[in-house]
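The values are calculated or read from the model by the stated rules, or taken from the named source; none is laboratory data. Here the structure is a predicted model, which means the values were calculated and not measured. Glycine also receives a Cβ, built like all others from the backbone with ideal geometry; neighbour counts cover every protein chain displayed.
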Amino acid sequence: MDGLSSGQNGPDLRVDIGSLVLANPVLTASGTFGYAREFAQLMDLHCLGGVIVKGISLHPRAGNPPPRIVETACGMLNAIGLQNVGVDRFITEKMPYLEGLRVPVVVNILGDTLDEYAEITARLAGVPGVAAIEVNISCPNVKSGGVAFGTDPAMAAAVTKAVKGRAAVPVMVKLSPNVTDITTIARAVEEAGADSLSLINTLIGMAIDLKSRRPALANVIGGLSGPAIKPVALRMVFQVARAVKIPVVGIGGIDSAEDALEFLLAGATAVQIGTANFINPRVSEEVVAGIARYVQEENLSSVRELIGAVRLG
């Protein structure tokens, strides 16, 4: 599988997300792959284009009370509450293992204030093995009444500037789909200095248990992910890829090589696989192999020929 991902013994699958070079366009989505070690016995981690770890906050978070996950038609709702070990424990306990991987490691970060985003970024600066930072801007800004950073262009830009000002590696900003016009947010983040964009984060949803007549999630609402959101995600990636000049990474309902290829054709430079990891732990490995087969079957010299190549006429 390493040969397929590196292009040494198969088609050229390399892609560039700004200065971040990936052996292939398949990454794992934050919050669905733990800190990578959890999947080490289930798949070949080194076949991946990159690993994006579970979101990291300034201080440890316990997350929301259960139930925190509920299955829905063609997907799932989650309200984990961004549970994580905090940046200091992440650096001392998780990064030594991650640093040893032969694939780029992207650290997803989150915060409740601009200062928290900046401080997390500063603590990660110079940490061996950190290849890039992905910024979760779907978090509530506690100083602005809980409005999510990612729903307001000015706040999204402010977070981007705060992180870029302290970052020693490329910065990818993860966009929320829970907005009127995602291209407006994308442009604001690009102008603020983002090196790339990833989208989409989860859609806000809800489920009700008919026996108890109570919300199925203790948090009442949660994030919808899985195949159900793929058409929405694909549309948003298509729009954003044409609205900005920086690379776009597609996320949302990808569980096959065919899904991933659709995102590439829509304009994504790379993709992230999330919820499908819970169903099939080897799905990312299979997607890499499937993309390689398609590139060979289409007689392409590089997977890069597919990026944005959807035919509209």
query: Checking Gly129 against (1) farther than 29 Å from Met43 by Cα; (2) modelled with pLDDT of 95 or more, which test does it fail?
result: (1)
message: Going residue by residue through the stretch 63-82, is there one that turns out to be among the acidic types (Asp, Glu), free of Cβ contacts under 8 Å to residues at least 40 places away in the same chain and not in a strand (DSSP E or B)?
response: no
message: So, in the stretch 96-149, how many residues would count as being closer than 24 Å to Gly18 by Cα and in contact with a Pro (Cβ under 7 Å, 6 or more places away or on another chain)?
response: 3
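Here's the yes/no breakdown for (1) over 20 Å from Thr32 (Cα atoms); (2) surrounded by fewer than 22 Cβ atoms within 10 Å (Cβ to Cβ):
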position	(1), (2)
Leu224	no, no
Arg242	yes, yes
Gly250	no, no
Ser256	no, yes
Thr275	no, no
Val287	no, no
Ala292	yes, no
Ser301	yes, yes
Lone qualifier among Val173, Val159 - being modelled with pLDDT of 95 or more, buried (at least 17 other Cβ atoms within 10 Å of the Cβ) and assigned to a helix (DSSP H, G or I): Val159
- prompt: Any residue in the stretch 248-259 that is touching a helix residue (DSSP H, G or I) at 6+ places or on another chain (Cβ under 7 Å), among the small types (Gly, Ala, Ser), under 27 Å from Leu42 (Cα atoms) and free of Cβ contacts under 8 Å to residues at least 40 places away in the same chain?
  reply: yes
message: So in the stretch 83-108, with the set limited to residues that are hydrophobic (A, V, I, L, M, F, W, C) and outside any loop (DSSP other than H, G, I, E, B), which one is farthest from Gly253 (Cα to Cα)?
response: Ile91
query: Any residue in the stretch 197-209 that is part of a loop (DSSP other than H, G, I, E, B), within 14 Å of the chain's Cα centre (by Cα), of a type outside the set (A, V, I, L, M) and at positive phi?
result: no
query: Given (1) within 20 Å of the chain's Cα centre (by Cα); (2) surrounded by 14 or more Cβ atoms within 10 Å (Cβ to Cβ), where does Ala40 come up short, assuming only one miss?
result: (2)
message: I'm trying to understand the selection: among the residues of the stretch 216-241, which are free of Cβ contacts under 8 Å to residues at least 60 places away in the same chain and of a type outside the set (A, V, I, L, M)?
response: Lys230, Pro231, Arg235, Gln239
message: Scan the stretch 66-76 and tell me whether some residue there is modelled with pLDDT of 95 or more, among the basic types (Lys, Arg) and closer than 21 Å to Tyr97 by Cα.
response: no
task: Filter the stretch 109-156 down to residues that are part of a strand (DSSP E or B) and surrounded by 24 or more Cβ atoms within 10 Å (Cβ to Cβ), then give me how many there are.
output: 5
Qualifying position, being farther than 28 Å from Ala289 by Cα and either exposed (fewer than 14 other Cβ atoms within 10 Å of the Cβ) or small (Gly, Ala, Ser) (or both), among Pro67, Pro60, Pro96: Pro96
